[in-house]
Structures are given as C-alpha cells and as structure tokens.
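All of the numbers you see were taken from the coordinates with simple rules; none came from a lab. All values reported here derive from a predicted model rather than from experimental measurement. FYI the Cβ positions are ideal-geometry reconstructions off the backbone, even for glycines, and counts take in every protein chain you see.
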Number of protein chains: 2
Amino acid sequence: MNIQLALDRLTIKEAILNANKVKKYVDWIEVGTSLIKEFGIKSVKEIRKAFPEKIILADVKTFDNAKYEFTMCFEAGADVATVMGTAPKVSIDICMEVARESGRKVMIDLLNTSDEKIKELSVYEDAIFCMHISKDLQEVIGEKQEVSKIKVPEPLTKIKDLKIAIAGGITSEFLENLKDIHPYVVIVGSAITKSNNPELEAKKIKELANRR
Amino acid sequence: MNIQLALDRLTIKEAILNANKVKKYVDWIEVGTSLIKEFGIKSVKEIRKAFPEKIILADVKTFDNAKYEFTMCFEAGADVATVMGTAPKVSIDICMEVARESGRKVMIDLLNTSDEKIKELSVYEDAIFCMHISKDLQEVIGEKQEVSKIKVPEPLTKIKDLKIAIAGGITSEFLENLKDIHPYVVIVGSAITKSNNPELEAKKIKELANRR
C-alpha cells in the first residue's frame, strides 16, 4: 500500500517544506489541484525537482483538452495525472493513450460518478480508480471515508489487478480499521499536513500501511 | 447577445495580443482552462489588467474546493467563473454563494451532465448555463454545435430570464442560422483566434450578433 501525501492550499515553497518533513514516510507526493490552478504547471516542475525519488501525481482533474493537459503534466515530470470520471469518454481515452505512450499512469477520480458511468469506466483496466470524498463534502457536509461504508463498485471488481485509491479525510484511525479492502494508494492530506506533529502522524500511518 | 472570446493554448502574452486585435468586437474575454492550469491565476490577473473594460470569465472548471477556487478567481478580477455541472451539489452551492457575496456570476458548464443532473441544476436560477461541446469531442469525434440540433434542456426552460451560453465550434455561419434560441453569451475561440483574418471574422460575428 502506497501513501500519497496530498499538498493543497499552500504555496509551492510551503508544499515542499511540508513534504520534506515527512518524506521518509510517504511514497507518492500529490501536487494538489489548488497548487496547479494557483501557480500553474511550475508547481509540478518544482515539486518533481525537490523530490526526484518519489512518485509525483499531478491532480490536474482533466475534463477536456486531455492531450494538452496530460502532456503538460508528464513533461513537467509527473508520473501520474488525474482525470474526472464524469468527463466525456473521448477525453478519458486520450488520457489513457498519452499515459501509455509516455509510460505513465492515469488516476480516474470517481467523485460524483453514477453507477452507469462506473460501468463504462471499467474498461480502463490500467487506470487507478480513486474512491474520493471531496474537500467540500468533508468540510460542508461532514462526510469522510468510513471503513464500514467503503465498497469497491461492483463493475470494477471484474478487473484483474484492480488498483484502487482511497481519498477523503483519511487518518491513521481509518487505516487501523481497514481490513477487507487492499488499496493500492491511500491519499492523506490534512491528517498529516495539519497535524501538530506531522512527522509522528506520517510515521504512524506508514507503519499501519506496512502491516498490510 | 454577448460574444465571449475564448483564449486557450496560448501564452498569456499571446492571449493578450490575440484579444487586442479583436477587442472592439467582443464583449467578454475568457481566460481558458489551459491558461489557468499552465500559468496559474496570474493569467486571470494579467488579462484583467489588460482589458479593464471587458467582462472577464475565468474558465476554472471547479469540481471541488469551490470557495478557494472561486474566491481566488474573483480576487484576481474575474467577473464570472465556471463550475462543472457534474460536480457535487455542495460545490455548486458554494460557487453560487461566493458569487452572490461578491456580486459576480457563475457559469455552469453542462458538458456531459445527465438529464437528471440538469433537473437538479435548474434550481440555480441566477447562473448562466453553458451548452458545451468540448474541445476533445470536436477534435477527435468531429462534433460541433449545430443550429438544427440545439435544444435548451427542458428543466431549464422553466427559469425566468434564463441565461444560456453556447460553446463548441461556433462560427459566423452558426450565428447566421441561429433563429429560435436567444443565447445570452456565444463563446467563440478558434473561429476567431485561428482565422487568417481574426479582425474580419470577429467583426462579422459581432454584426450577426447585433442583428439579434
């Protein structure tokens, strides 16, 4: 299980400082959508440069103009980039193609996708599927990923070597209770970055992940 | 009818040069998603500064983190910002609220929204609804807005003073044939920016819009 550190609502400098504190406990580093929209693609370039040994994910949330956006992210050094599951099929096809050509990966964000759409998405066997409770759902509605409620959508279970990511209010407590599902990536943001002791929290999360 | 000039896949400098050539024929200037993701929010700030007399739209395509993104766009000087219609309701609610508080506007991008979702969206009476054929659908599948096929989704027709925007391969020919629908905004990109004579094309489009 990989731990992905999500960096959001920070300057690029703060993001690098935050990630530096906990880098030995995380495997992937996410350049959050807010960094990309606030500072542009240089956020990906600078974080790539600061952490040459990590997997870098650009949370670019592509919905259109897929070739341009994915090429831009991969040229900036991202190993993985995200596309919205609710985007038109043609755009997701392009993301998959650009990733395949560059030897990189696509993460499909399942936020607000219907069951019918998830069925369509199940053809993308090489993608990582992110079961995502968004910031706004967490902060306004109070939702978060709860172990007891997590269920891999049925159409995806047919994929051999299915790669699942889980995001949305993930804490060490969540990982402690996670048993039946074996995510490929667990995405942790504020539980680490807003902790009083980020290093300790990241260490705890990494230890729990290693037990799996 | 307002003409919105969409600026995409350009540097900020090129975008300003392009818009300067045709500014007397366009009413709104769109800072395209590609500019925001490539150069960050300074793309909105610089285009705002270059065109103080125009309505500036930030095509930020919000899907989450709505308060942060919309506040950022409005503080950078945008008059209108976009949210995806397929985003969770809570995020669209926040966009509407931030816009109302700042005296700005929300454009809801209907790309790939289901009929059921459009019904939900029909509560946002103050929004501008964008009927959108995306770049990827145009460039890969060959779709474009065709006058004969355009139909305002039924749930939206109940809105008093409905404001519709139309985007996706719009040309002067399209405007020449448009009769029954009265869009509030028509979004034109490459028909102007990639024309051999952008000024002439923009003038023609503006004249056709003025007839309506």
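Remarks
- Answer from A:V22, A:V26, A:V106 - the residue that is closer than 23 Å to B:V60 by Cα and β-branched (V, I, T): A:V106
- Which listed residue, of A:S102, A:S134, is surrounded by 20 or more Cβ atoms within 10 Å (Cβ to Cβ) and polar (S, T, N, Q): A:S134
- For the range A:93-108, the set of residues classified as of a type in the set (A, V, I, L, M, F, W, C) and over 18 Å from B:D64 (Cβ atoms) consists of A:I94, A:C95, A:M96, A:V98, A:A99, A:V106, listed by residue number.
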